[in-house]
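The block underneath contains the structure these notes are about, expressed in structure tokens.
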Amino acid sequence: MTELNIADPTNTSVPVLSVSGLTKKFPGVLALDDVSIEVRSGEVLAIIGENGAGKSTLIKMLAGVYKPDGGTIAINGEVQNYASPADALKAGTKVVFQEIALIPEFTVAENIFLESHLITRIGTIDWPEIRRRARDIFERAGFALDPDAKVGDLSISQQQLVEISRALAHDAKLVIMDEPTSSLTPLEVRHLFEVIERLKSLGIAIIYVSHKLEEIFEISDRCTILRDGKWISTQPTSSHTNDSLIKDMVGRSIDDLFPRSERKFGDTVVQVDGLYTHNRLDNISFNVRAGEVLGFFGLMGAGRTELAKAIVGYDPISAGSIKINGNLLSPHSTIKSKSLGLGLLSEDRKEEGLMMDANVTRNMTLSALQKFTRGGFVNAAAETKTAQSFVDRFRIKLAKLGQPIRTLSGGNQQKVLLSRWLMYGLEVIVLDEPTRGIDVGAKTEIFALIDELASQGLAVILMTSEMPELLGLSDRICVLAEGKITATFETSNVTQEEILDAAIQ
Amino acid sequence: MPATESIKQITNPIKKILTSEVGFLVLSLLALIIGISSFSEQFLSAPNAVAILHQSSLVLIVAIGMTVLLISGEVDISVGANLAFSSCVVMAVINQTDSIALGALAGIAFGTSVGFINAFVTTVLKVNSLIGTIAMMMMLKGGVFLFTREAIQNHHQLPLFPKIATGFVLGIPVPALIASIVAIIGWVIMTRTKAGRLFLATGANQKATRLSGYSPERVKFAAFLLTGALTGLAAVILASLINAGQPTAGGGFELIVIAAVLLGGTSLMGGRGTILGTIFGVLILKIVDNGIILLRLNQDYQIIFPGIVLILALYMDQKRRGTTND
């Protein structure tokens, strides 16, 4: 299956999809800037890029959800002008979105013919015909589906097959898959890839959007890289290496992305023993030394965020102990953990970090307020001065300190929240997905900042689901699966495969 | 979008005043004063000004506490019932002890303990404060009749007691003086102290406040206690004003207080609001009240009007914020 029939560049037939100069503006951003791609019959084109690269904007325009501000979309050479997703479907484009849009209470066959119920002569729905046609499709595509099963009872993987069947029922010429493997087990991913091969053999053109590079290498014939809304390259996938893909995606090589200064490890600062929580964590024990970055990797639902919140006293624990420099975290509260020098940067900036309407200074000084307080009164001048020094030091982009934090970009907001703890002065910082929803440039700066903090002797506990971030920043790696630590590695001698294996068990 | 917005604000100063919270309130207040005085000569007279200040004082004292409480993300519906009960306690204790000081202390202590129970129900039992304090209101409204069937008169006829409400110091009515002091302290707390920051932070984002190493429960507890204590203080003035403890007093009082606070720009969702806004909110509502009487309109408008004003105020707030928020 890894041997791919690369689309012949000399093939002169009309491409199934040909996009030219596609542009989309949103207030303040050019989400997609003059992007042109082609996909041919029986070909898989991968589209990759970081968050915010413009992948989903592109897909939504191909699906008729957004109207382009410039450029054209042509199917089989005919320029399309979609007014709605229904038009795109009629023209032969079917998108299988990450979140599957089926009606769980209806049967498989009913869902497949949702838009085009077949009618008998007396005006009722022709159920036998619908079932027959559904079975036809399954046979053609090689799906093991029962037309009469309720969709709600199916696995995510089977629901994807129903979506693909819908595409076949509508004679789709182009199937777009948006992060199709994000909630699949490895075995289900295998099955999906077999389905994709089958679709190719039926002459269907496929756009495959993913940020999992190994999948791209396995399934795609060519790959288009987007960055900051711009087209960077389209090449046969086989001409790429892992490094060249990343380099095109982030605009610099991986070594520049993760600067690593000399780290000297001090004494053990964090000691977690036999930690249990009510619903997730199961006998978690680990140590972190001063100046060390301990990375926790895990798939969705492995317990990363639960662990982060339990360690800092935010969520209750049912057993176990947390010690900072030998001092027990007891009572189990954030007030106590803060006094021991332990704090969390939450994964959810909006819900658990920012005071959206408050200004930058207020947001930044929340944890360290006591430093500016004498006899209950806050010294606003000292507060502003300190806030300004952090703005300068971390190059936080803003017009003035008094502006509401919601007007800052995600990266700058994250720097403000990091400053909130650094201003207080921690011994241990827990970072939960510190670069989620942040553009590439700001990511690099935050990586550099984390490295700098570690080199200054801070103990860092990093929760992440991003492999490059994990490998680039951590000194040691603990892998979480279903609330347990399944493996611990030294970063210097571990491979991605070993980490993934431990995460999946 | 932010760029075009700032251009609009520079090129349109009128819009800027209208969109700034306090500016809009000042303009409304001025419009009311000009409007009412053009129909009634009495309006700008000294006795009428004193009457307005008297009327505003009770509401303002409690509204300061309510502002802090709403900013922290909670609400207290029981302040009206608490006011009535506390005023009866004040009078009963004065009758028992012959001491105005003890009576006043007892009233404030009673009001504070109601605040304590509200705080406990909300922060420890985790009952939604809207529901919890409605329940408290019901208990107080029933309870006060177990305490006294009818108004408690000033048995000892202490002449000094009514003076609290009707007296003047430096030409200012005593209740207005007390309310001003309360408002100034409230303003200092909210703008200058760490406590003020924590009230705002708790209401703006409770989870973030907890993660930053504070206890949102303690912050809310303090806000409930403050509201209860100030209600007790207002009850002392009320009892002095009518020279009695009146179990049926305070009907609809909580609505006027909350209306004034919201009118002043405090968010029902917490995290946003100013003492200055509340002062204007109270003045606007009370001047409207006064105008209705002076213009000899049906007095039922006194409760209808705040309802209309409230919807208008919240609508304006939505619009103002809608331009920047989503």
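The values are calculated or read from the model by the stated rules, or taken from the named source; none is laboratory data. Since this is a predicted model, take the numbers as computed values, not measurements. Here the Cβ positions follow ideal geometry from the backbone for every residue, glycine too, while neighbour counts run over all protein chains shown. For the accessible areas, the whole protein counts, side chains as well, though only heavy atoms, and no ligand, DNA or RNA atoms are used. Shrake-Rupley method; radii C 1.70, N 1.55, O 1.52, S 1.80 Å.
Within the stretch A:45-81, the set of residues being open to solvent by less than 20 Å² (accessible area, probe 1.4 Å) and either part of a loop (DSSP other than H, G, I, E, B) or among the hydroxyl-bearing types (Ser, Thr, Tyr) (or both) comprises A:Gly49, A:Ala53, A:Gly54, A:Thr57, A:Ala63, A:Gly64. When A:Gly326, A:Gly274, A:Gly303 are checked against the criterion of being outside the structural domain of A:Val416 (by TED's automatic domain parsing) and under 27 Å from B:Thr209 (Cβ atoms), a single residue qualifies: A:Gly303. Mind checking which pairs have a first residue in the stretch A:394-414 that is within 11 Å of chain B (Cβ to nearest Cβ) and a second that is among the hydroxyl-bearing types (Ser, Thr, Tyr) and part of a loop (DSSP other than H, G, I, E, B), Cβ under 9 Å, 6 or more apart or different chains? Short answer, once both residue conditions are applied: A:Pro404/B:Thr324; A:Arg406/B:Thr324; A:Thr407/B:Thr324.
Is one or more of the residues making up the stretch B:192-204 more than 16 Å from B:Leu58 (Cα to Cα) and more than 13 Å from every other protein chain (Cβ to nearest Cβ)?
no
Checking A:Ala448, A:Ala503 one by one, the residue that is within 28 Å of A:Ala368 (Cα to Cα) and touching a residue at least 40 places away in the same chain (Cβ under 8 Å) is A:Ala448 and no other.
Within the stretch A:160-182, restricting attention to residues that are free of Cβ contacts under 8 Å to residues at least 60 places away in the same chain and in contact with a helix residue (DSSP H, G or I) (Cβ under 6 Å, 6 or more places away or on another chain), the residue that is surrounded by the most Cβ atoms within 10 Å (Cβ to Cβ) is A:Ser165. Remark: A:Ser409 falls outside the filter, which requires a residue to be of a type in the set (Gly, Ala, Ser) and at pLDDT 95 or above.
I'm checking my understanding of the structure. Among residues of the stretch A:374-391 that are part of a loop (DSSP other than H, G, I, E, B) and open to solvent by 60 Å² or more (accessible area, probe 1.4 Å), which one is farthest from A:Ile335 (Cα to Cα)?
Our first condition is that a residue be part of a loop (DSSP other than H, G, I, E, B); within the stretch A:374-391, this holds for A:375-376, A:379.
Those still in the list that are open to solvent by 60 Å² or more (accessible area, probe 1.4 Å) too: A:375, A:379.
Working: A:Gly375: 20, A:Asn379: 23 Å.
Checked the stretch A:374-391; the qualifying residue farthest from A:Ile335 (Cα to Cα) is A:Asn379.
Out of B:Ile108, B:Ile36, B:Ile134, one residue alone is over 16 Å from B:Ala249 (Cα atoms) and more than 19 Å from the chain's Cα centre (by Cα). It is B:Ile36. In the stretch A:78-94, is there at least one residue being under 28 Å from A:Glu197 (Cβ atoms) and in contact with a Lys or Arg (Cβ under 7 Å, 6 or more places away or on another chain)? Within the stretch A:78-94, one or more residues are under 28 Å from A:Glu197 (Cβ atoms) and in contact with a Lys or Arg (Cβ under 7 Å, 6 or more places away or on another chain). Taken over the stretch A:32-44, the residue count meeting the criterion of being open to solvent by less than 20 Å² (accessible area, probe 1.4 Å) and outside any loop (DSSP other than H, G, I, E, B) is 5.
For the stretch B:147-158, does any single residue satisfy the condition of being touching a residue at least 60 places away in the same chain (Cβ under 8 Å), open to solvent by less than 80 Å² (accessible area, probe 1.4 Å) and of a type outside the set (A, V, I, L, M, F, W, C)? Checked against the condition, which is being touching a residue at least 60 places away in the same chain (Cβ under 8 Å), open to solvent by less than 80 Å² (accessible area, probe 1.4 Å) and of a type outside the set (A, V, I, L, M, F, W, C), the stretch B:147-158 yields at least one hit.
Is there any pair with a first residue in the stretch B:24-45 that is among the β-branched types (Val, Ile, Thr) and a second that is outside any helix (DSSP H, G or I) whose Cβ atoms are under 8 Å apart and which are 6 or more apart or on different chains, and what are they? Pairs found: B:Ile36/B:Leu295. Taking the condition assigned to a helix (DSSP H, G or I) and either at pLDDT 95 or above or within 21 Å of the chain's Cα centre (by Cα) (or both), does B:Ala81 pass? So B:Ala81 passes the test. Filtering the stretch A:93-144 to residues that are among the aliphatic types (A, V, I, L, M), within 23 Å of A:Glu188 (Cα to Cα) and open to solvent by less than 80 Å² (accessible area, probe 1.4 Å) leaves A:Val95, A:Val96, A:Ile100, A:Ala101, A:Leu102, A:Ile103, A:Val108, A:Ala109, A:Ile112, A:Ala134, A:Ile137, A:Ala141.
Residues being in contact with a Phe, Trp or Tyr (Cβ under 6 Å, 6 or more places away or on another chain), on the phi < 0 side of the Ramachandran plot, surrounded by 20 or more Cβ atoms within 10 Å (Cβ to Cβ) and not assigned by TED's automatic domain parsing to the domain that holds A:Met300 are represented in the stretch A:401-419 by at least one member. Just one of the numbered conditions (1) in contact with a helix residue (DSSP H, G or I) (Cβ under 7 Å, 6 or more places away or on another chain); (2) over 23 Å from B:Ile242 (Cβ atoms); (3) open to solvent by 40 Å² or more (accessible area, probe 1.4 Å) is not true of B:Ile164: (2). Every listed requirement among (1) loosely packed, with under 14 Cβ neighbours inside 10 Å; (2) in contact (Cβ under 8 Å) with a residue 24 or more places away in the chain is met by B:Gly142 save one, (2). Tallying residues that are closer than 27 Å to A:Leu30 by Cα, hydroxyl-bearing (Ser, Thr, Tyr) and open to solvent by 20 Å² or more (accessible area, probe 1.4 Å) within the stretch A:183-241 yields 1.
Figure legend. Inter-residue proximity from the stretch A:57-74: first residues at negative phi, second residues of a type in the set (D, E, K, R), beta-carbon distance below 7 Å, spacing 6+ or different chains. Indicated pairs: A:Thr57/A:Lys24; A:Ile59/A:Asp178; A:Met61/A:Lys24; A:Tyr66/A:Lys24; A:Tyr66/A:Lys60; A:Pro68/A:Lys24; A:Asp69/A:Lys24; A:Asp69/A:Lys25.
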